[in-house]
Amino acid sequence: MSSRFKQSGETINRYFNSILDGVIRLQGRLLKVPEPIPDNCTDNRWRWFKKCLGALDGTYIRVHVPEQDKPRYRTRKGEVATNVLGVCTPDMKFIFVFPGWEGSASDSRVLRDAISRPTGLRVPTGCYYLVDGGYTNGQGYLAPYRVPHIESKMRFWRKLYGIIFDMINKSGFAWNDSLKCIEVDSNEAWNTYVQHNKDDDGWRGKQCLIYDMLKNIFGKDRATGRGSATPTEMMNEPMHHIDVNDDDEEVEVDPDHSASLSRSNQQNSASSSSRHRKQNADIDIQIGGWIFSN
């Protein structure tokens, strides 16, 4: 704009903001007063939503902010933007606009703030706004019905196998192959396990006749966690020290060939020492369940 109108950037910025200030002062004319959907509405899209005032949602508008503020404005998609709440009538005319929140804020959080303001969004008694799945149902707001997730049979059997597998791999637990059930050494071991796995209560002594079949299907894909260790556990494990700076190597040789080996060692001392250092440097060091290449 500065180059097009042959004006300085300061002038363009000053008048641009003056116009925006004027638009804000016209909000009484630009923003519409909501009217609920009447009982005699014949519009096929809206006649099912009696007393509805309109719909609201949040939208992202890209902005330029200082570098130190970008994390707060970064959205889930990685864009630097501001989250603006917009409320519209059924014919797409604005009722309420609430800008200024950082892009990292959720839509529901922005709405809560808009409602809590003294001059914020208000919903007349008996009326409501339509909202999307990012909001929850509440007085004055109608969210879409969330269809329950379809239960997967494969997921159910995998979960069943996982429950039994985790139990029999705990200390004090065992699988009785004759009775096809879990056996526990003591009540204390069972109570301790159930305390941290409340969903597994009731499996003590309960038969699972198809466990062997489940094991054949899911056994290879089940994570065991046996190679895992906390930092403290890894710290307490003995370290296998490897001196990568040791260039000496003891080799037993035939006395008859000592002279020739000596000459060969003298000729290749530099290359041999270099290769030996490289071999030592490439040794893998295992600490706990992790392998580190030195």
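Read the figures in this text as sums done on the coordinates, not as results from a lab. These numbers come from a predicted model, not from an experiment. Cβ: placed from backbone, ideal geometry, glycine included. Neighbour counts: every protein chain shown.
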Checklist entry - Roughly how big is the stretch 95-177's charge dipole about its Cα centre, with Cβ charges of +1 (Lys, Arg) and -1 (Asp, Glu), in debye to the nearest 20? => result 100 debye
Checklist entry - How much net charge surrounds VAL184 when only other residues with a Cβ under 11 Å from its Cβ are counted (Lys, Arg +1; Asp, Glu -1)? => result -1
Checklist entry - Sorted by mean Cβ packing within 10 Å, highest first, what order do the peptides 79-92, 11-24 take? => result 79-92, 11-24
Checklist entry - Given a cut-off of under 8 Å on Cα pairs at least six residues apart, what relative contact order in percent is computed for the stretch 1-58? => result 22 percent
Next on the checklist: Between the stretch 95-110 and the stretch 185-220, how far is it from one alpha carbon centroid to the other, in angstrom?
Outcome noted: 47 Å
Next on the checklist: How high is the relative contact order of the stretch 154-221? Use alpha-carbon pairs under 8 Å, at least six apart in sequence, and give a whole percent.
Outcome noted: 32 percent
